[in-house]
Amino acid sequence: MKKVGIIDVAKAAGVSVSTVSLVLRQKGKISQATIEKVQAAIASLGYVHNVAAANLRANTSNLIGLILRDFGDTFAMKVTASLIQELETQGFMVFLAQPQDDEHLARTLVSFSRQGVAGVIWLCADHRCDTLPEPLKTCPLPLVAVSQTPLQSNIDVVMRDNRQAASLATRYLIERGHRNIAWIGGEANSLLRHQRLLGYRAALAQYGLPLREEFTPVCAEDTFAASVVTRQLLEKNNTITALLCHSPHAIIGSLSGIQQVGRTVGKDVFLTQQVSLIGFEDMLQINLTSPSFTYVSSASEEAGRQAAMLMIRKLKEPTLPPQYITLSGQLVPRDSA
């Protein structure tokens, strides 16, 4: 059986080969009627567009390499889903890699280059480091980073505004009558914790409230540690009426700690047995419980869209200077605060 080619499509649609090519590449000013004729001819003939061959002829690529090290990170997974959706809508395909160390990362970048990848998007999951991994510093391909913390690198970056998020959450609690607000979670070397605490402290200062260092204990990133820290904190300071939870582990652990001291989760500041909780992630498994949890959104979906759009702009205009896009979260009030 003869293989259907672009010439056959052009004849069936009654247009030129160049018009079919423009429709396939989504280029040029083609009328909707012509696009529909070409698409109808493609469908009736069963024509399959060889994108790789077309890219080779045009010396272009629609492949984007995505590097993700932590599939367990809620923020990274939401960014990934949004990013892939946006890139595919714009006609790009994504190669996903999960290198666990710099040696593997270097091999991944070589593989990307050999596969004809046009650019690389890196999802940073290390909250303790503010620089790029060594292999990425010399990456010859266009590079965009998505990070939860600031990066000291001269590249395009999309990141969340952690200071704004914590300030927003703290001000929300203060405006509802809370005066003794504590912080649960985050290790001492976490840049994410450091950024959020800046916002927390700024909000306290704005309202003339004292900063008590014992209200911001460091905590290992696991639920048991968060439970122990929460229980100890509430036992020593029974005037605390609200907790800001640094991570999903902190949210789950704090629930246990609150229960252990005989208190409950709720938004009523005048009921001394209740403790209000606010987190920084929309966790479906938590929000299925009662009460539902108040949180500041991570802007993860928007971060994915912005990273995709930034990469596409870089490919179209390689001389554009690096951009640093910072995204603010929105507070979603529910039953826990």
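Things to note:
- Just one of the listed residues (Thr170, Thr131, Thr138) is farther than 24 Å from Ser247 by Cβ and either at pLDDT below 95 or among the polar types (S, T, N, Q) (or both), namely Thr138.
- Members of the range 106-151 found to be among the β-branched types (Val, Ile, Thr) and under 22 Å from Arg313 (Cβ atoms), listed by number: Val117, Val120, Ile121, Val144, Val146
- Residues of the range 215-234 satisfying the condition of being under 21 Å from Gly177 (Cα atoms) and acidic (Asp, Glu): none
- Matching residues in the range 222-231 - criterion: being open to solvent by 60 Å² or more (accessible area, probe 1.4 Å) and within 14 Å of Val275 (Cβ to Cβ): Arg231
- Residue selected from the range 113-150 under the condition free of Cβ contacts under 8 Å to residues at least 60 places away in the same chain, open to solvent by 10 Å² or more (accessible area, probe 1.4 Å) and farther than 19 Å from Leu96 by Cα, by the criterion nearest to the chain's Cα centre (by Cα): Pro150
- Matching residues, the range 309-337, being free of Cβ contacts under 8 Å to residues at least 24 places away in the same chain and either touching a Gly at 6+ places or on another chain (Cβ under 9 Å) or assigned to a helix (DSSP H, G or I) (or both): Arg313, Lys316
- Of the residues making up the range 287-315, those that are open to solvent by 20 Å² or more (accessible area, probe 1.4 Å) and at pLDDT below 90 are Asn287, Leu288, Thr289, Ser290, Pro291, Ser292.
- All conditions but one from (1) open to solvent by 10 Å² or more (accessible area, probe 1.4 Å); (2) out of contact with any Cys (no Cβ under 9 Å at 6 or more places or on another chain); (3) in contact (Cβ under 8 Å) with a residue 24 or more places away in the chain; (4) over 26 Å from Gln164 (Cβ atoms) apply to Lys236; the one that does not is (3).
- Filter result for Val117 (in a strand (DSSP E or B) and not hydroxyl-bearing (Ser, Thr, Tyr)): no
- Subset of the range 61-84 (residues that are surrounded by fewer than 14 Cβ atoms within 10 Å (Cβ to Cβ) and farther than 23 Å from Glu134 by Cα): Gly72, Ala81
- Going through (1) modelled with pLDDT of 95 or more; (2) over 26 Å from Asn189 (Cβ atoms) one by one, Gly257 falls short only on (2).
- Number of the condition not met by Leu56 [criteria: (1) modelled with pLDDT of 80 or more; (2) part of a helix (DSSP H, G or I)]: (1)
- Inside the range 92-112, residues that are open to solvent by 60 Å² or more (accessible area, probe 1.4 Å), under 23 Å from Leu310 (Cα atoms) and in contact with a strand residue (DSSP E or B) (Cβ under 9 Å, 6 or more places away or on another chain) make up a count of 4.
- Contact annotation: residue pairs with Cβ atoms under 6 Å, 6 or more positions apart or on different chains, pairing a residue in the range 164-182 that is over 16 Å from Tyr295 (Cβ atoms) and of a type in the set (Gly, Ala, Ser) with a partner that is part of a loop (DSSP other than H, G, I, E, B) and open to solvent by less than 10 Å² (accessible area, probe 1.4 Å), are Ala182/Ile240.
- Unmet criterion (only one of (1) closer than 24 Å to His194 by Cβ; (2) crowded, with 21+ Cβ neighbours inside 10 Å) for Pro210: (2)
The values are calculated or read from the model by the stated rules, or taken from the named source; none is laboratory data. Keep in mind the model is a prediction, meaning the values are calculated, not measured. Cβ: placed from backbone, ideal geometry, glycine included. Neighbour counts: every protein chain shown. These accessible areas exclude ligands, DNA and RNA; they are computed on the full protein's heavy atoms, side chains included. Shrake-Rupley method; radii C 1.70, N 1.55, O 1.52, S 1.80 Å.
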